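Taking it in order: structure first as structure tokens, then the write-up.
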There are 2 protein chains.
Amino acid sequence: MRCCHICKLPGRVMGIRVLRLSLVVILVLLLVAGALTALLPSVKEDKMLMLRREIKSQGKSTMDSFTLIMQTYNRTDLLLKLLNHYQAVPNLHKVIVVWNNIGEKAPDELWNSLGPHPIPVIFKQQTANRMRNRLQVFPELETIAVLMVDDDTLISTPDLVFAFSVWQQFPDQIVGFVPRKHVSTSSGIYSYGSFEMQAPGSGNGDQYSMVLIGASFFNSKYLELFQRQPAAVHALIDDTQNCDDIAMNFIIAKHIGKTSGIFVKPVNMDNLEKETNSGYSGMWHRAEHALQRSYCINKLVNIYDSMPLKYSNIMISQFGFPYANYKRKI
Amino acid sequence: MRCCHICKLPGRVMGIRVLRLSLVVILVLLLVAGALTALLPSVKEDKMLMLRREIKSQGKSTMDSFTLIMQTYNRTDLLLKLLNHYQAVPNLHKVIVVWNNIGEKAPDELWNSLGPHPIPVIFKQQTANRMRNRLQVFPELETIAVLMVDDDTLISTPDLVFAFSVWQQFPDQIVGFVPRKHVSTSSGIYSYGSFEMQAPGSGNGDQYSMVLIGASFFNSKYLELFQRQPAAVHALIDDTQNCDDIAMNFIIAKHIGKTSGIFVKPVNMDNLEKETNSGYSGMWHRAEHALQRSYCINKLVNIYDSMPLKYSNIMISQFGFPYANYKRKI
């Protein structure tokens, strides 16, 4: 039998067949590689490794320093006194002052006239007086760690240095000085409170389920996480001019699947609100403040359709500071 | 042109070609899958996941209970008093008494005559009075967690319950009540000590680098790890009848690459040695005891050709126990 013209050209035909085969093999390899990559288990990586990657992606350089974010309203005398203290804290990279005094110029000129200063301080003029202004993703923020402090709170340097070292060991949690908790009631309605409230659980002692952000270190990525939350959360905070810290604890607990914060017992932390000449005494003095915070917890449970807060009874102190604070009283 | 017979039977030829092609594809897929599996990065898994796997491999059932291992020599009156206390501690699975009184029968009969008891207590008669007898891999040990306590140490139940809950959160570290440290000197020779010694580092407060095992929780896998150490380590402990705890801290710090232990401040822990009628007052009263421990540190550095101990200043207490222990003294 006589083969066709093509059959009689074995070399070229073989070449074409090999070429076709190779193309098929390559295509298959690519498909398999793609499928396997998609199927690979999500690796729960070392926290430090994850953070280093975030460093590269965010352009943040280091875990070794932090940025103070301080929101202020109508207490410029306290603000300036506190800035004199905080600007000298070790490992501080920069201060961002969130200036909620709408219509009033921030004291840049005064600040500069009293320079030089150890680190840069940026006054961010806001367009509306909102509690959640301090949770923006500030472009000036260059560190992974944020130190957030209320504008009437004086935290001693040893407390800050120690708490920052604790945050470096637990960078996915809020490490701070003010613990609070939620309590359940038989009706399923939650209440917000502190030590005066019923301790949850059946064991000894008390528990906390939130660490307030107004005296704490936390990871700056949580600012982005906050911005990505449902509009209802932002609206709740705007309506109450409250609860941004409760919301942050919800968000973080939900995100990491464990307790949102670690409480570090402060050795020397003061509230200076009585020392202001502004006549303004802070949001927590409003009659409805505490009730609002219980209200917020129930609203947030509703928005997230879950109660993500988890209890903890871990209290951290600095070994040997104050001197011999670990000695037994035998 | 006329094609050959084979060309004219497109169905069968196509079939053979498709078959060949399929075989090649399958072969390639298998090779790629094999190669990718070999190349997959080693997943640093969740600690709990790793422990659950160990559970299966070791036959250990749970992280929810612990085994008390108490070594005893010549203080049976204290031992029995302590057993009355410890046998009732929540989450205790079993007690293993390491009976170092060679030639003297363990008090099994007395113990049984005073039953029933809440949990099993096993008296393990030893053949030689060795300090490191308590670090054997006891076949009776069924839990992941070990509570190791010296036979003159009374730790209150609230302290134990809390420290166990802390261990469950840090299962790869020794969680205990007695912190110690090593100090470097300019000669490179190390010394062993406690709070009376120079605090390492330049910051505030003190640091510890060891948590003594004689009042602590730790992972039972470390018993196996201890047994696998160089003979020189075992010989050092046998020669000094000391330093098993220092060795354990070296071994664990080296193994996990971070500080070997976490200090939990005890609320109520007593040493009962003054209450014994045996006339025997414990190893640490020997004149050479403290010097031996410094000696051991330098020997171990020599054996391991490194100083793996790492400092920590984290002190953990139970939030709200004693009542309101977190309130600020403003």
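In region B:277-298, the residues that are among the hydroxyl-bearing types (S, T, Y) form Cβ pairs under 6 Å with partners that are buried (at least 17 other Cβ atoms within 10 Å of the Cβ), at six or more places apart or across chains, as follows: B:S278/B:N74; B:S278/B:R75; B:Y280/B:N74; B:Y280/B:R75; B:S281/B:E273; B:S294/B:S191; B:S294/B:Y192. Evaluating A:N271 against the criteria (1) within 14 Å of another protein chain (Cβ to nearest Cβ); (2) out of contact with any Ser or Thr (no Cβ under 7 Å at 6 or more places or on another chain); (3) open to solvent by 60 Å² or more (accessible area, probe 1.4 Å); (4) not hydroxyl-bearing (S, T, Y) leaves one unmet condition, (2). Of all residues in region A:117-144, those that are farther than 20 Å from A:L212 by Cβ have Cβ atoms under 6 Å from Cβ atoms of residues that are modelled with pLDDT under 95 and crowded, with 16+ Cβ neighbours inside 10 Å, 6 or more apart or on another chain, in A:I144/A:K60; A:I144/A:M63. Residues of region A:1-21 that are facing another protein chain (nearest Cβ under 10 Å) and modelled with pLDDT of 65 or more: A:R17, A:R20, A:L21. Among the conditions (1) on the phi < 0 side of the Ramachandran plot; (2) at pLDDT below 95, A:G188 misses just one, which is (1). Across region A:129-157, the qualifying residues are those that are in a helix (DSSP H, G or I) and of a type in the set (A, V, I, L, M), and the one among them that is surrounded by the most Cβ atoms within 10 Å (Cβ to Cβ) is A:L135. In region A:104-128, the qualifying residues are those that are outside any strand (DSSP E or B) and open to solvent by less than 60 Å² (accessible area, probe 1.4 Å), and the one that is nearest to A:V89 (Cα to Cα) is A:I119.
Out of all the residues in region A:196-219, is one or more open to solvent by 10 Å² or more (accessible area, probe 1.4 Å), free of Cβ contacts under 8 Å to residues at least 12 places away in the same chain, touching an Asp or Glu at 6+ places or on another chain (Cβ under 6 Å) and within 14 Å of chain B (Cβ to nearest Cβ)? Scanning region A:196-219 turns up at least one residue that is open to solvent by 10 Å² or more (accessible area, probe 1.4 Å), free of Cβ contacts under 8 Å to residues at least 12 places away in the same chain, touching an Asp or Glu at 6+ places or on another chain (Cβ under 6 Å) and within 14 Å of chain B (Cβ to nearest Cβ).
Is it true that A:I251 is on the phi < 0 side of the Ramachandran plot, within 12 Å of the chain's Cα centre (by Cα) and surrounded by fewer than 20 Cβ atoms within 10 Å (Cβ to Cβ)? Against the criterion (on the phi < 0 side of the Ramachandran plot, within 12 Å of the chain's Cα centre (by Cα) and surrounded by fewer than 20 Cβ atoms within 10 Å (Cβ to Cβ)), A:I251 does not qualify.
Quick one: would you say B:R286 is surrounded by fewer than 16 Cβ atoms within 10 Å (Cβ to Cβ), of a type in the set (D, E, K, R) and away from chain A (no Cβ under 11 Å)?
Working: surrounded by fewer than 16 Cβ atoms within 10 Å (Cβ to Cβ): yes; of a type in the set (D, E, K, R): yes; away from chain A (no Cβ under 11 Å): yes.
So B:R286 fits the description; yes.
Here is a check on your reading of the model: is B:L160 more than 10 Å from chain A (Cβ to nearest Cβ), in contact with a strand residue (DSSP E or B) (Cβ under 8 Å, 6 or more places away or on another chain), within 18 Å of B:I69 (Cα to Cα) and open to solvent by 20 Å² or more (accessible area, probe 1.4 Å)?
On the way: more than 10 Å from chain A (Cβ to nearest Cβ): yes; in contact with a strand residue (DSSP E or B) (Cβ under 8 Å, 6 or more places away or on another chain): yes; within 18 Å of B:I69 (Cα to Cα): yes; open to solvent by 20 Å² or more (accessible area, probe 1.4 Å): no.
Here the answer is no, as B:L160 does not meet what is asked.
Is there any pair linking a residue in region A:221-235 that is β-branched (V, I, T) to one that is open to solvent by 60 Å² or more (accessible area, probe 1.4 Å) and assigned to a helix (DSSP H, G or I), with Cβ under 9 Å and at least six apart or on different chains, and which? Sorted first by the residue in region A:221-235, then by its partner, the pairs are A:V233/A:K299.
The values are calculated or read from the model by the stated rules, or taken from the named source; none is laboratory data. Model, not experiment: these values are computed from the prediction. We place every Cβ from the backbone using ideal geometry, glycine too, and count neighbours over all the protein chains shown. The accessibility values were calculated without ligands, DNA or RNA, using every heavy atom of the protein model including side chains. Shrake-Rupley method; radii C 1.70, N 1.55, O 1.52, S 1.80 Å.
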